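The structure appears below as structure tokens.
The values are calculated or read from the model by the stated rules, or taken from the named source; none is laboratory data. The model shown is predicted, which means the values in this text are computed figures rather than measured ones. Virtual Cβ from ideal backbone geometry, glycine too; neighbours counted across all protein chains shown.
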Amino acid sequence: MSDFAGLRALVTGGASGIGRATAHLLAGRGAQVAVLDLDTSSVDKPLLAHRADVSDDTSVRTAVQQAAEALGGLDVLVNNAGIGARGTVEDNDDEEWRRVFDVNVLGMVRTARAALPHLRRSRHAAIVNTCSVAATAGLPQRALYSATKGAVYSLTLAMAADHVREGIRVNCVNPGTADTPWVGRLLDAAPDPAAERAALEARQPTGRLVSAAEVAGAIAYLASPLSGATTGTALAVDGGMQGLRLRPAGR
Ligand SMILES: NC(=O)c1ccc[n+]([C@@H]2O[C@H](COP(=O)([O-])OP(=O)(O)OC[C@H]3O[C@@H](n4cnc5c(N)ncnc54)[C@H](O)[C@@H]3O)[C@@H](O)[C@H]2O)c1
């Protein structure tokens, strides 16, 4: 499929996991793609790399401008960079709450703000935010992280309303637990990584983790000009975790 032929995309957090899979998928479907990431050492051709920190406005503005100049404009913004946080509402101090909101929520605000002037000049403008099942389901030990993703969900709807008449679509994907380097780090830090993986797999009705490629496929679907009537939606890519209620196996 070459539905992205002639389009220019910027993917934040595109050096790893879901962002990396998305950047390569969009390039494979014909887009010219630039990656914005803290660490771009692993970004390879045909992707362009721009090092920036989404928690720093100057850094974001500079990288978005450079990416738009290198690509000759911008049609698609994938707001994907994000970080995790563990614990109940008692476990993270104010500084940690500010830091995670700064990256996960304000990071998307900064990149969108810098990209919008370019997106307005596109004939197929789309923004896709990486949200999470944590926005819509109560997960234990994820109070701060879930709050940031709830904000991303609401931000997605508000942005979709603000920009629909400018021809800019805004949607988000809500992945379940995805098999990325991030989750690999979480498993490595667990007392029993195999048991932790089994528990995460069992939480999803499909009985397995979501792959980065599956989330990338959903992001590409929402970003594609073929989805021109889709805006203000959250697409679950969670192995049924949000919507299904199964009986125990065999009963
Ligand atoms: N992996 C999961 O289970 C899962 C589930 C739901 C949602 N998500 C979301 O998917 C997104 C990507 O997660 P992933 O699992 O691919 O993680 P990952 O750690 O593999 O990749 C995240 C990328 O974001 C970059 N990044 C982090 N902070 C940054 C900053 N301040 N500025 C610029 N870049 C920064 C990192 O360098 C890294 O390349 C995140 O928003 C995450 O919340 C992940």
Can you give me the number of residues within region 212-251 that are more than 20 Å from residue 134 (Cα to Cα) and loosely packed, with under 14 Cβ neighbours inside 10 Å?
-> 8
Look at residue 179 and say whether it is of a type in the set (Asp, Glu) and loosely packed, with under 15 Cβ neighbours inside 10 Å.
-> no
Exactly one of (1) more than 14 Å from the ligand (Cβ to nearest atom); (2) of a type in the set (A, V, I, L, M, F, W, C); (3) at pLDDT below 95 is unmet by residue 182. Its number?
-> (1)
For region 59-96, enumerate the residues that are closer than 30 Å to residue 142 by Cα, surrounded by fewer than 16 Cβ atoms within 10 Å (Cβ to Cβ), within 16 Å of the ligand (Cβ to nearest atom) and free of Cβ contacts under 8 Å to residues at least 12 places away in the same chain.
-> 95
Scanning region 147-176 residue by residue, those in contact with a helix residue (DSSP H, G or I) (Cβ under 9 Å, 6 or more places away or on another chain), among the charged types (D, E, K, R) and surrounded by fewer than 19 Cβ atoms within 10 Å (Cβ to Cβ) turn out to be 166
Reported set for region 107-118 where residues are within 10 Å of the ligand (Cβ to nearest atom) and within 19 Å of residue 174 (Cα to Cα) is 107, 108
Within region 27-43, the residues that are touching a Leu at 6+ places or on another chain (Cβ under 8 Å) and buried (at least 24 other Cβ atoms within 10 Å of the Cβ) are 31, 33, 34, 35, 36
For residue 46, which of the numbered conditions (1) assigned to a loop (DSSP other than H, G, I, E, B); (2) away from the ligand (no atom under 13 Å from the Cβ); (3) surrounded by 18 or more Cβ atoms within 10 Å (Cβ to Cβ); (4) not aliphatic (A, V, I, L, M) fails to hold?
-> (3)
Identify, by number, the condition in (1) aliphatic (A, V, I, L, M); (2) more than 12 Å from the ligand (Cβ to nearest atom); (3) without any contact (Cβ under 8 Å) to a residue 24 or more places away in the chain that residue 127 doesn't meet.
-> (3)
Considering only region 9-43, state which residues are within 6 Å of the ligand (Cβ to nearest atom) and in a helix (DSSP H, G or I).
-> 17, 18, 19
Elements of type helices (runs of 4 or more DSSP H) contained in region 115-212, each with 2 or more residues being among the aliphatic types (A, V, I, L, M) and in contact with a strand residue (DSSP E or B) (Cβ under 6 Å, 6 or more places away or on another chain) | 143-163
Which one of 99, 121 is among the basic types (Lys, Arg), within 12 Å of the ligand (Cβ to nearest atom) and touching a residue at least 24 places away in the same chain (Cβ under 8 Å)?
-> 99
Please go through region 168-186 and pick out each residue that is farther than 18 Å from residue 219 by Cα and free of Cβ contacts under 8 Å to residues at least 60 places away in the same chain.
-> 183, 184, 185
Do we have residue 6 as at positive phi and surrounded by fewer than 17 Cβ atoms within 10 Å (Cβ to Cβ) here?
-> yes
Give the residue that is nearest to residue 238 (Cα to Cα), with candidates limited to residues of region 191-211 that are at pLDDT 95 or above and touching an Asp or Glu at 6+ places or on another chain (Cβ under 7 Å).
-> 210
